[in-house]
């Protein structure tokens with residue numbers, strides 16, 4: 001037995017070293033870590049268990065017959081992150097450029113099936129050159145199997161894609177099907193057709209980073225949720241995100257008790273939010289004041305900044321926060337903000353994360369461009385997501401809530417469990433000035449002093465239909481609360497709703513607006 005054990009040890013050591021020291025050196029020169037180094041940063045120390053490390057391809061011809069390295073260019077297995085089981089696969093760019101072939105794909109398929117059946121998150125560390133050309137259609141079929149499993153596991157287990165190198169062509173669709181996409185600046189890119197093809201077809205010249213780099217996807221396309229300067233910081237935040245997530249849709253998110261008192265007063269909110277509904281402020285400061293220890297993890301911080309989506313904790317319980325941000329585009333809802341919010345709300349609902357919505361919205365963004373690009377269809381995505389959500393839902397009107405945007409931002413009428421408002425709130429079809437101009441247009445035009453009459457009508461509309469207690473008198477707001485009590489009220493409300501159970505009608509699935 002000893003000779004066989006010696007041979008096994010020799011093979012395993014070779015597998016862990018990788019193809020060659022030179023290949024590792026080249027990877028490092030590019031500013032990139034190896035697959036195993038990345039797994040070491042992601043997983044708790046010593047917890048990783050590899051599966052199929054000795055797998056090799058069976059392809060022949062086209063130069064592959066003499067190149068059959070172990071792992072076939074992907075490291076797969078499971079370990080723990082903060083003590084909880086997580087599955088991971090990592091492309092090894094040193095082997096065939098991380099390109100996907102039949103054996104490579106089958107390893108990933110097996111891992112994905114294990115993750116789903118075990119009810120544990122799946123993290124992919126992507127650094128591959130796409131389909132392995134030498135293996136033809138079998139490589140393409142391998143991608144199809146990944147896409148199908150991504151879709152089947154959607155809403156069942158958390159799926160996180162970490163882009164640490166190139167991702168081109170059909171390979172980009174697996175990350176797009178997952179819950180969160182992390183990217184690293186300069187070293188990772190995603191695109192369907194590369195710069196050379198773009199130039200050949202359209203004549204446009206652009207670099208790989210200019211076409212599909214981290215900041216492009218984090219700030220322009222919305223494909224990536226997070227962008228980082230280095231792999232270490234990126235993987236550290238992946239670990240942090242996993243600490244906020246349940247292992248699967250059958251579990252609640254992990255609690256983490258804080259020393260931050262549940263009844264801590266929020267005196268600072270009186271200064272953060274101006275009374276004047278037209279004055280700007282940054283809603284991040286509001287969130288920081290309310291949540292445990294001022295800590296929150298923002299999703300899509302560079303994209304659609306007029307709407308903030310974040311994960312945080314209130315009295316140790318994970319919550320999803322959706323907030324209009326008057327500091328960007330006055331907090332108006334537009335196409336991108338609607339889609340950003342819809343995806344976040346839908347994801348929180350899938351994984352049993354309560355929703356807290358902070359409302360300060362002047363309406364939907366007007367304009368020909370918005371209408372022609374489908375603000376009706378795409379704004380309806382946010383409405384659908386809220387209406388469909390069965391997790392505890394609390395909305396709070398900080399200042400103003402006008403028109404259809406008020407309804408869409410989880411108003412009581414679309415199913416919010418509890419709706420609160422601060423004393424200076426204005427809830428109405430539109431602002432008083434616009435309303436008066438519509439209702440009394442002819443009367444104002446015919447007046448001897450139109451400006452004086454307009455001011456009179458505006459004041460009348462405010463006093464009769466926009467005073468802070470109008471919505472509360474009609475049951476559309478459950479209570480008007482002191483801003484200094486915001487944290488305490490939210491925590492007590494969430495505690496009451498902790499056992500909420502709500503079923504949707506029996507159906508195969510809904511048909512959300514696209």
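Please treat every number below as a calculation from the coordinates, not as lab data. Note that the structure is predicted; figures quoted are calculated from it, not measured. So basically every Cβ, Gly included, is an ideal-geometry build from the backbone, and we count neighbours across all protein chains shown.
State the antiparallel share, in %, of DSSP beta bridges confined to the chain, rounding to the nearest 5.
Working: 24 of 64 bridges.
Of those bridges, close to 40 percent are antiparallel.
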One would report the antiparallel percent of DSSP beta bridges in the stretch 2-244, rounded to the nearest 5, as 40
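Sorted from fewest to most neighbouring beta carbons within 10 Å, what does the list 21, 215, 259 look like?
Values: 21 9, 215 15, 259 6.
Least to most surrounded, the residues fall as 259, 21, 215.
Could you list 147, 182, 226 so that the one with the fewest beta carbons within 10 Å of its beta carbon is first and the one with the most is last? Don't skip to the answer; put the middle values down first.
Numbers: 147 14, 182 27, 226 24.
In increasing order of surrounding Cβ atoms, one gets 147, 226, 182.
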